[in-house]
Amino acid sequence: QVRPVESGGGLVQAGDSMRLSCVASGLLFSTYAMGWFRQAPGKEREFVAAIGEIPRDTDYEDSVEGRFTISRDNGKNAVYLQMNSLKPEDTGVYYCAARPSEIGYQPWEYKYWGQGNEGTVSS
């Protein structure tokens, strides 16, 4: 069974950095696009960033562009989200997700999901 596993969340202050990791076993990782989504309390799950089969193929939600960086290491079946200059509005549960081939922007486009990892940014 494919189950991405996230790690690296926690509590930080505004302006700090946080790095999330996700390891996805049980699939041919290099052929999957990987995405990060987040869900704030009382809100819907939203797209944050994604990376395609080709590592230079990346995209970001407007509010995180320039602050967050997504990367992947196919040798480790891992995807990372480096988050800098964090803001309180970045608070939420961060989910890692996988879909074959191309980047997707909607949750329904992704086939496999992690359990989520909470990141809290205090003001």
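The values are calculated or read from the model by the stated rules, or taken from the named source; none is laboratory data. Predicted model, so just to flag it, every value in this text is computed and none were measured. Note that each Cβ is placed from the backbone with ideal geometry, even for glycine, and that neighbours are counted across all protein chains shown. We work out accessible area using only protein heavy atoms, side chains counted, and drop any ligands, DNA or RNA first. Shrake-Rupley method; radii C 1.70, N 1.55, O 1.52, S 1.80 Å.
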Requested in this report: Compute the FRET efficiency between D62 and Q115 as 1/(1 + (r/R0)^6), taking r as their Cβ-Cβ distance and R0 = 30 Å, and round to the nearest 0.05.
Outcome: 0.65
Report task. Express in Å², to the nearest 10, the accessible area of S101 obtained by rolling a 1.4 Å probe over the protein heavy atoms while all chains stay in place. Result -> 50 Å²
**Report entry** Of P55, P88, P41, the one that fluctuates the most in a GNM where the chain has Cα springs shorter than 10 Å
**Finding:** P41
Report summary line: With Cα springs under 10 Å, the Gaussian network model of the chain assigns the largest mean-square fluctuation among I103, I70, I54 to I54
Report summary line: At R0 = 22 Å the Cβ-Cβ FRET efficiency linking E89 and S17, nearest 0.05, sits at 0.90
Query raised in the report: Taking segment 26-123 as the region of interest, what is the percent of Cα-Cα pairs per 5 angstrom bin, listed from the shortest bin to the one with the maximum distance?
Result: 3, 14, 26, 26, 18, 9, 4, 0, 0
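Could you calculate the FRET efficiency of E44 with T69 from 1/(1 + (r/R0)^6), where r is the beta carbon distance between them and R0 is 22 Å, rounded to 0.05? Show your work: numbers first, answer last.
Numbers: r = 24 Å, r/R0 = 1.10.
So the FRET efficiency works out to roughly 0.35.
Probe of 1.4 angstrom, ligands and nucleic acids ignored: what's the accessible area per residue over segment 24-123, in square angstrom?
Details: 4950 Å² over 100 residues.
So segment 24-123 comes to 50 Å² accessible per residue, rounded to a whole number.
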Query - Euclidean distance of C-alpha centroids, segment 73-95 and segment 1-21, integer Å - result: 5 Å
**Report entry** Accessible surface of the chain, 1.4 Å probe, proportion on carbon and sulfur as whole %
**Finding:** 46 percent
